[in-house]
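Visitor: I have a structure I would like to understand better, so I am pasting it below and will then ask my questions one at a time.
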Amino acid sequence: MSGKPVLHYPNTRGRMESVRWLLAAAGVEFEERFLEKKEDLQKLKSDGSLLFQQVPMVEIDGMKLVQTRAILNYIAGKYNLYGKDLKERALIDMYVEGLADLFELIMYHEFKPANEKEKDLANIMDKATNRYLPVFEKVLKDHGHDFLVGNKLSKADVSLLENILWLEELKPDALAKFPLLQSFKARMSNIPNIKKFLQPGSAKKPLIQEKDIPNVIAIFH
Amino acid sequence: MSGKPRLTYINGRGRMESIRWLLAAAGVEFEEIFLQTREQLLKLGQDGSLLFHQLPLVEIDGMKLVQCRAILSYIAGKYNLYGKDLKERALIDMYVEGISDLMQLILMFPFSPPEAKEKKIATIAEKATERYFPVFEKVLKQHGQDFLVGNRFSWADVQLMEAILAVEEKVPSVLSGFPQLQAFKTKMSNMPTIKKFLQPGSPRKPPPDENYVATVMKIFKLD
């Protein structure tokens, strides 16, 4: 009983990666229990640990939290990454929700069949460069601050960095047209907690490899 | 410039209905603009009114809010429907997010092809009666209180009420195994603001029909 949050999920990014990012950015150490086979998920279900029979699940402060947004909101609130008032929270929520729409596309990309991957990547890049990235480039340009909201680190900045880095893994020149996002990325990457998370040996997970995909799918189906 | 929140969407439930429910439950009057053509949507995008070129849009307190959850969270926070502390907020968020997964099935239902509809209704019934409703039946049974969280009316109660009624439209007997939820539904229906919202002439929109589907396809250009 270490008092640290405990994350329950397979050993892959999926829907838990945003939680790992946010805890790391907040400087919070955590433990992970990796689901390796269907039986592991089944056990959590029969234990009554999963409110809606689903992971991610995070044990934190005596609660067994499920639903990614509920988990992220709690962490952001607890560690002061959620703005100073309701209006800043609304801005942060808007930005994070927009990024979540982009993230849905990004997250599933590795699971697409080989013959669909090129078209899928083109769609992701189209949405990223025409709908989402310009919004954040403009936000940074308009206020000239280091962070998206209220001149202070929030879950919106962490989410933006996470998505930017993943986009660059799929297409290295994803930020070519966005100079302010490039400097945002550099600044954010140098924040000590984040710098640590970006180093080898951290809890940050690599892109899923093709050979591991069947195993992950088997856990859930 | 009335000071009332202003909702921009099409004249139908879609992703705006939960927002209408929450504002109504909070006793907040609002105005609505209904888009009828794609050109109107594109114009809003060009005006810079739509952060991600999408609806819903709610103008409230000098902000142009988009993204349902951002809008709903703001309303819940502003009108004290979000619990008394972080832990209650986490519970409310968990419950709302779970219900929202169920509501997603309902939201998408009108757009499924006719031959798939029967199966979709079966899926809605199954998810409601096996995954979601049992959770809330148990929550209400365990604490014996009128409301889901903190013995106080919250966003979670409004969202559950909306979901119960929406599922009942498709599966009329869906609450038959859930006595707590039946009592919950009755209590919610009798709360003055909700009672008013459930009466004819309120901003509550009717169930989606073919006209709604056609309007959505035309305006949002969903291929």
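Visitor: Helices (runs of 4 or more DSSP H) wholly in region A:1-96 with at least 1 residues that are crowded, with 22+ Cβ neighbours inside 10 Å, out of contact with any strand residue (DSSP E or B) (no Cβ under 9 Å at 6 or more places or on another chain) and at the interface with chain B (Cβ under 10 Å from one of its Cβ atoms) - which ones? Write out each step before concluding.
Guide: Details: elements: A:17-25, A:38-46, A:68-78.
Qualifying helices (runs of 4 or more DSSP H): A:68-78.
Visitor: Could you say whether any residue in region A:154-161 is among the hydroxyl-bearing types (Ser, Thr, Tyr) and more than 14 Å from chain B (Cβ to nearest Cβ)? Full working, then the answer.
Guide: Of the residues in region A:154-161, the ones among the hydroxyl-bearing types (Ser, Thr, Tyr) are A:154, A:159.
Remaining after also requiring more than 14 Å from chain B (Cβ to nearest Cβ): none.
No, because not a single residue in region A:154-161 is among the hydroxyl-bearing types (Ser, Thr, Tyr) and more than 14 Å from chain B (Cβ to nearest Cβ).
Visitor: Still on this structure, please answer the following. Answer yes or no as to whether A:Gly201 is at positive phi and open to solvent by less than 80 Å² (accessible area, probe 1.4 Å). Give the steps one after another, and end with the answer.
Guide: Numbers: at positive phi: yes; open to solvent by less than 80 Å² (accessible area, probe 1.4 Å): no.
Spelling it out, it is not the case that A:Gly201 is at positive phi and open to solvent by less than 80 Å² (accessible area, probe 1.4 Å).
Visitor: A further question on this structure: Consider only pairs whose beta carbons are under 6 Å apart and that are at least six residues apart or on different chains; among these, list those whose first residue lies in region A:208-221 and is more than 12 Å from A:Phe111 (Cα to Cα) and whose second residue is among the aliphatic types (A, V, I, L, M) and part of a helix (DSSP H, G or I).
Guide: Listed by first residue and then by second, the contacts come to A:Ile219/A:Leu41.
Visitor: Which of the residues that make up region B:46-75 are in a helix (DSSP H, G or I) and within 10 Å of another protein chain (Cβ to nearest Cβ)?
Guide: Step one: list which residues in region B:46-75 are in a helix (DSSP H, G or I), which gives B:46-47, B:68-75.
Passing the criteria: B:Cys68, B:Arg69, B:Ala70, B:Ile71, B:Leu72, B:Ser73, B:Tyr74, B:Ile75.
Visitor: With respect to B:Met191, is the statement that it is away from every other protein chain (no Cβ under 13 Å) and out of contact with any helix residue (DSSP H, G or I) (no Cβ under 7 Å at 6 or more places or on another chain) true? Give the steps one after another, and end with the answer.
Guide: Values: away from every other protein chain (no Cβ under 13 Å): yes; out of contact with any helix residue (DSSP H, G or I) (no Cβ under 7 Å at 6 or more places or on another chain): yes.
Answer is yes for this residue.
Visitor: Pull up region B:76-89, narrow it to residues that are more than 8 Å from chain A (Cβ to nearest Cβ) and open to solvent by 40 Å² or more (accessible area, probe 1.4 Å), then point me to the one that is nearest to A:Gln54 (Cα to Cα).
Guide: Within region B:76-89, the first condition is being more than 8 Å from chain A (Cβ to nearest Cβ), and the residues that meet it are B:76, B:79-85, B:88.
Subsequent filtering for residues that are open to solvent by 40 Å² or more (accessible area, probe 1.4 Å) retains B:79-80, B:84-85.
Values: B:Tyr79: 31, B:Asn80: 29, B:Lys84: 27, B:Asp85: 25 Å.
Residue satisfying both the conditions and the ranking: B:Asp85.
Visitor: Another question, if that's okay. How about region B:208-223: which of its residues are out of contact with any helix residue (DSSP H, G or I) (no Cβ under 9 Å at 6 or more places or on another chain) and loosely packed, with under 14 Cβ neighbours inside 10 Å? Steps first, answer last, please.
Guide: First, the residues of region B:208-223 that are out of contact with any helix residue (DSSP H, G or I) (no Cβ under 9 Å at 6 or more places or on another chain): B:211, B:214-215.
Selection gives B:Asn211, B:Ala214.
Visitor: Here is a follow-up. Anything in region B:38-48 that is open to solvent by less than 50 Å² (accessible area, probe 1.4 Å) and in contact (Cβ under 8 Å) with a residue 40 or more places away in the chain? List them, or say none.
Guide: Pass one, region B:38-48, residues open to solvent by less than 50 Å² (accessible area, probe 1.4 Å): B:41, B:44-45.
Answer for region B:38-48, where residues must be open to solvent by less than 50 Å² (accessible area, probe 1.4 Å) and in contact (Cβ under 8 Å) with a residue 40 or more places away in the chain: just B:Leu41.
Visitor: Of the conditions (1) under 16 Å from A:Leu148 (Cα atoms); (2) in contact with a Lys or Arg (Cβ under 8 Å, 6 or more places away or on another chain); (3) open to solvent by less than 30 Å² (accessible area, probe 1.4 Å); (4) not basic (Lys, Arg), A:Leu99 satisfies every one except a single condition; which number is it?
Guide: (2)
Visitor: Going by the conditions given, is B:Ala214 small (Gly, Ala, Ser) and more than 27 Å from B:Ser112 (Cβ to Cβ)? Outline the logic, then answer.
Guide: On the way: small (Gly, Ala, Ser): yes; more than 27 Å from B:Ser112 (Cβ to Cβ): no.
Considered against the rule, which asks whether it is small (Gly, Ala, Ser) and more than 27 Å from B:Ser112 (Cβ to Cβ), B:Ala214 comes out as no.
The values are calculated or read from the model by the stated rules, or taken from the named source; none is laboratory data. On a predicted model such as this, the values are computed, not experimentally measured, just so you know. All Cβ positions, even for glycine, are placed from backbone atoms using ideal geometry, and neighbour counts span all protein chains on display. Just so you know, the surface numbers come from the protein's heavy atoms only, side chains and all, with ligands and any DNA or RNA stripped out. Shrake-Rupley method; radii C 1.70, N 1.55, O 1.52, S 1.80 Å.
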